[in-house]
Amino acid sequence: KYPDLFEETKDNAVRAALSDLGRLDREEIRTLRREDLEGVALVATAFLVIIICHFVLTYLQMVVMERAGQGIMHDLRMRLFSHLQGLAVSFFNRNPLGRLVTRSTNDIQNMYELFTSIIVFLFKDLFMLIGITVVLISLDWRITLVCYTVMPIVLAASLYFSRRVREVFRILRIKTAEINTRFSETIGGIGVIQVFRQEQKNYRRFRRLNHEFYQAGMRQVHIYALFMPMIDLASALALGLVLYYGGGGVLAEQVSLGVLVAFISYMRMFFQPIRDLSEKYSILQNAMSSAERIFLLLDTKEQLPVPASGDHPAPLGRIEILGVENVSLSYVKNEPVLKGISFSVSAGETVAVVGPTGSGKTSLINLMIRFYDPTAGRITLNGQDIRNWPPSDIRSHMALVTQDPFLFSETVRENIVQGNGRFSDADMERILDMSNCRSLVERLPKGLETRLSEGGMSISSGERQLISIARAFARDPEVIILDEATSYIDSETEARIQDALANLMQGRTAILVAHRLSTARGADKIIVLYQGRILEMGNHAELMAQKGFYYRLNQLQRVSEIAAQA
């Protein structure tokens, strides 16, 4: 049809100039180039399928990795929280709040970045490095060996800088914890800071701490800024070796030009994963430093000894007698705060512990509730050492009302029942009446559902004390331990609290630390402590008749009260 347009070739095909194809109609062109059009359609379809697969796989990778990272951090955070709850009180006395909060937040977040940002790239880059190495060896193993002579430089630099940057990140973690601690103390003690005009001094201390953090951060920047150019230098050196030895091989006709070009391209690709790893190096080292501190905390075994299952006696029933047998306690070695304390408390008995500040009253209470174990001697329940039972079993029979009770940022109801949902409305009404909390609850905007601020600071100290007494009522314990429960209270509130405490102690064993001796007068037994030892023991009348230390304490307190009234 178009003899002047096409010409026959030697292999019995025909060809035409591309510029002459415009003389054909569209159907003829489509017929003529059917295979080409089908090939283009196939390539386009394959490309579209690849794009869709890439989208789906990238989405799945992100979901799987993020889910794995979130799951790991969730489990790690829960394990750390559970571990912290099981540690002895002595551990928290030595470790500031900010440090522990940093372990549970910042350090775990750094671990999360390790799992989500590093691991996938690490495996991808390692596979790429291995694949490129295999290809280079297959092209020319001699040039490959020459190029890989720079790898010891890369490894040596990595090891050296890893040690340096790990030390810096340890310092950064410590300074972060100290900053958190300083913030926590400043916020908690802001009233004291402002009253005593310590803002400038506190500011200078924080500025010094913040500058130390800044200096550590700059050390990290300097190390990283030096490390990256060294990787680029190693890459340039490797390319120079390829050009020198590969170019010599081309001139000697021992290596083809195509192999040399391929080597140059692959060597550029080879250092790209190393550069990617270098860019994420700070994240890796930061995460490793955080991991060290997290697992150091998890490895802390400062729990009170718990008997193995089956080793402790039968479940603790009603407490008939609580004994203290030749007990001594030292918080610091060779510095005892209690020395050879012995006495017993029978069921239904009220025992008061009195003495000047620093005599060991609160320490004795801490031993009974088993916040600590005695250095010598033992505490017994019904003749059995309390270390034979898990602490939770012992505490389920006791309730503690302290001089400065802590309330949680929950509702009043939650602070009273502490998660125990078995109380009916009638039970709550009875608890409120017995603890003298009804008038307090009625004044609150939402009653029992009113949410308190952290520590219960939105209400007065006396109201916090009443809620803590209601909390003890909800526990319905056999043993009540009162640690100077009215030492910070005005006279009117004290009367209400004393009435609530009388209701609470009725029919129960009570051990009370009394700062005001008037509180101790009605006790069945009064224990007088001085410098960690028992000086006297007996009821009020007996001790007054002895005219000893307790008698002098009463005389001094009476003089103080008369002077205050005057």
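Report in % the part of the accessible area of region 47-91 that belongs to carbon and sulfur, leaving out ligands and nucleic acids; probe 1.4 Å. Of all accessible area on region 47-91, carbon and sulfur atoms account for 74 percent. Largest to smallest in accessible area, the residues S162, S184, S458 fall in the order S458, S184, S162 (1.4 Å probe, all protein chains included).
Considering only DSSP beta bridges where both residues belong to the chain, give the percentage that are antiparallel (nearest 5).
Details: 23 of 40 bridges.
In the chain, DSSP labels about 60 percent of beta bridges as antiparallel.
Restricting the calculation to alpha carbons of region 55-199 gives Rg and Dmax of 23.5, 79 angstrom.
Averaged over its residues, region 104-252 has an accessible area of 60 Å² per residue, based on protein heavy atoms and a 1.4 Å probe. Here is the result for region 109-181: no GluC sites (Glu not before Pro) lie in DSSP coil with at most 12 other C-beta atoms within 10 angstrom of their C-beta.
Accessible area of region 110-194 with a 1.4 Å probe: how many percent of it is carbon plus sulfur?
Details: 3370 of 4610 Å².
Accessible surface attributable to carbon and sulfur in region 110-194 totals 73 percent.
Heavy-atom surface analysis with a 1.4 Å probe gives region 237-367 a carbon and sulfur content of 57 percent of its accessible area. A probe of 1.4 angstrom, applied to the heavy atoms of all protein chains, finds S409 with accessible area near 60 square angstrom. Ranked from largest to smallest solvent-accessible area, with a 1.4 Å probe on the protein heavy atoms, D499, D427 come out as D499, D427. Taking every protein chain into account, the 1.4 Å probe leaves D433 with about 80 Å² of accessible area, to the nearest ten. Kindly provide the helix-only [θ] at 222 nm of the chain, computed as the sum of -39,500 (n - 2.57) over DSSP H runs of four or more divided by all residues, to the nearest 500 deg cm²/dmol? Taking each H run of at least 4 residues, the total per residue is -19000 deg cm²/dmol. The H on the amide N of S330, modeled in the peptide plane, is under 5 Å from the matching H of V337, T375, each at least 5 residues off or on a different chain. As a size descriptor, the averaged projected area of the C-alpha convex hull of region 340-450 was calculated at 9.7 nm².
Axis angle, to the nearest 10 degrees, between helix 151-188 and the longest C-alpha principal axis of the chain: 30 degrees.
Restricting the trypsin sites (Lys or Arg not before Pro) of region 391-440 to loop positions (DSSP other than H, G, I, E, B) with no more than 10 neighbouring Cβ atoms within 10 Å leaves R422. Counting heavy atoms of the protein chains alone, R387 has an accessible area of about 80 Å² for a 1.4 Å probe. A simple spin-label model places pseudo-atoms 7 Å from Cα toward Cβ; at I283 and A502 they are separated by 6.8 nm.
Among DSSP beta bridges lying fully in region 407-566, give the percent that are antiparallel, nearest 5. Walk me through the intermediate numbers first.
On the way: 6 of 11 bridges.
Of all bridge pairs located within region 407-566, approximately 55 percent are antiparallel.
Could you order E494, E35 so the one with the most accessible surface comes first? Probe is 1.4 Å. Please report the intermediate quantities before stating the final value.
Details: E494 30, E35 135 Å².
Heavy-atom accessible area, descending, gives E35, E494.
The dipole here belongs to the chain: it is taken about the Cα centre, uses +1 on the Cβ of Lys and Arg and -1 on the Cβ of Asp and Glu, and is about 1800 debye. Computed over protein heavy atoms with a 1.4 Å probe, the accessible surface of region 367-415 works out to 39 Å² per residue.
Largest first and in whole Å, give the semi-axes of the chain's equivalent ellipsoid, each being the square root of 5 times a Cα gyration tensor eigenvalue. Numbers along the way, then the final one.
Details: eigenvalues 1236, 183, 105 Å².
Equivalent ellipsoid of the chain: 79, 30, 23 Å, largest first.
The values are calculated or read from the model by the stated rules, or taken from the named source; none is laboratory data. Since the model is a prediction, treat every value here as computed from it, not as a measurement. Cβ coordinates were reconstructed from backbone atoms using ideal geometry, including for glycine residues, and neighbour counts include every protein chain displayed. For accessibility, only protein heavy atoms count, side chains too; no ligands or nucleic acids. Shrake-Rupley method; radii C 1.70, N 1.55, O 1.52, S 1.80 Å.
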